[in-house]
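Rule-based calculations on the coordinates, nothing more; no lab input. Since the model is a prediction, treat every value here as computed from it, not as a measurement. Every residue, glycine as well, gets a Cβ built from its backbone with ideal geometry; the counts of neighbours run over all protein chains shown.
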Amino acid sequence: MTAGRVIANSIPKAGTHLLTRTLELLGLDLFPTFLNGGLQARSMEVAETPDTVRVGSEWPCLVENERFFALMSQVSEGGFIKGHLPYSSRVADMLARLRYRMVLMVRDPRDITVSHVNWALSRDYLPHQKLYQALRPEDRLSAAIVGFRCEPNGPILAGLRERLDHMLPWTEDPMCCLVRFETLVGAQGGGSREAQIAEMRRIADHLDLDLTDDRLAEAADAVFGGTLTFKSGQIGRWREAFTDRHRALVKQLAGDAIVRLGYEESDDW
């Protein structure tokens, strides 16, 4: 086992638990802290400062530099920490000093939007839930695309474009291996078993894990389902949920990001 320290990073609702399950099946140990907006007390202040870094993406929190570095130092060699960690040059420098490698999970942003709304409606503890319950179904999706900021105490949801902008700069960092939900999910989620195993091989190679083909096949057999929030991940669910209005909103705000990620060749969809 030569993985060193690993961070399983993701855009929220892109398949965090699928990625977590994969890394565990590949032999890494999960660190108990989740890097999300609940790591610190919620605040309406979400922009990184010289003394803090941003953690979380939908409603980020600000964590003092020293506390963040100390936390990331606690992850052992051969272990990984999961979460939603936006890019910044200061965070990238800290991770480099600690010799981290990153596996970044992405997903079609349109499916992320649908998954977010369904997830929020099913979670009584979320402040977002009451806001969504008061809206018509088509307006819920629009709110999840555009984002919202409810003064004076929240909730906040960064718009879809902002959430993508938090994460996509990591793809330019050599520590990062980009993984797609659609590939890793396999046949049970609407993909292919062959592509799933190949994606697991890419992850293993990035982390310098010497795993046999049989071990990867066993991991593929065990990875789907079995978590609290990843139960029915399917590819392309947005096609059933989007109206022309939602298509236009996403094209306007994040159409180029969808093309950049390879989910479309142009805005003609």
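Show me the three semi-axes of the equivalent ellipsoid for region 71-138, from the C-alpha gyration tensor (sqrt of 5 times each eigenvalue), largest first, rounded to whole Å. Provide the component values of the computation, followed by the final result.
Details: eigenvalues 228, 39, 26 Å².
After diagonalising the Cα gyration tensor, the semi-axes are 34, 14, 11 Å.
Using the Cα gyration tensor of the chain, with a ≥ b ≥ c the square roots of its eigenvalues, what is the shape: rounded (a/c below 1.5), prolate (a/b larger than b/c) or oblate (neither)?
oblate
Before rounding to the nearest 500, sum -39500 (n - 2.57) across all DSSP H runs of length at least 4 in the chain and divide by the residue total; then give [θ] at 222 nm in deg cm²/dmol.
On the way: 12 runs with 115 residues, N = 269.
Mean residue ellipticity at 222 nm (helix-derived): -12500 deg cm²/dmol.
Magnitude of the Cβ-charge dipole of the chain, K/R +1 and D/E -1, about the Cα centre, nearest 20 debye?
Values: 32 positive and 37 negative charges, 138 e Å.
In debye, rounded to 20, the chain gives about 660.
Treat every Asp and Glu Cβ in region 1-157 as -1 and every Lys and Arg Cβ as +1, leave all other atoms uncharged, and give the resulting dipole magnitude about the Cα centre to the nearest 20 debye. Present the calculation step by step, with values, prior to reporting the outcome.
Details: 18 positive and 16 negative charges, 49 e Å.
With only Lys, Arg, Asp and Glu charged at Cβ, the dipole is about 240 debye.
Starting from the amide H of G78, placed 1.01 Å from N in the peptide plane, find each other amide H under 5 Å away whose residue is 5 or more places distant or on another chain.
A3, G4, R5
For W59, what is the net charge nearby, where nearby means another residue's Cβ is under 12 Å from its Cβ and Lys, Arg count +1, Asp, Glu -1? Present the calculation step by step, with values, prior to reporting the outcome.
Values: positive: R42, R54, R149, R163; negative: E45, E58, E162.
It works out to a net charge of +1.
Name the residue from W170, G147, A204 whose Cα lies farthest towards the positive end of the charge dipole of region 131-226, charges +1 on Cβ of Lys and Arg and -1 on Cβ of Asp and Glu.
So the residue we want is G147.
With θ set to phi - 60° and the Karplus curve 6.51 cos²θ - 1.76 cosθ + 1.60, what are the ³J(HN,Hα) couplings of region 6-22 in order, to the nearest whole Hz, using x for Gly and Pro?
Running phi through 6.51 cos²θ - 1.76 cosθ + 1.60 with θ = phi - 60° gives 9, 10, 8, 9, 7, 6, x, 6, 9, x, 4, 6, 5, 5, 4, 4, 4 Hz.
Apply the Karplus curve 6.51 cos²θ - 1.76 cosθ + 1.60, θ = phi - 60°, to the phi angles in region 173-184 and return the couplings in whole Hz, x for Gly and Pro.
Karplus-based 3J(HN,Hα) across region 173-184 equals 8, x, 6, 9, 10, 7, 10, 9, 3, 4, 8, 6 Hz.
Summing Lys, Arg as +1 and Asp, Glu as -1, what charge do residues with Cβ under 14 Å from the Cβ of E45 carry, E45 excluded? Could you put the intermediate results ahead of the total?
Working: positive: R42, R54, R149; negative: E48, D51, E64, E151.
Here the count lands on -1.
Using θ = phi - 60° and the Karplus relation 6.51 cos²θ - 1.76 cosθ + 1.60, list the HN-Hα couplings for region 36-46 in order, rounded to whole Hz, with x at every Gly or Pro.
These are the phi-based 3J(HN,Hα) values: 9, x, x, 5, 9, 4, 5, 8, 7, 8, 10 Hz.
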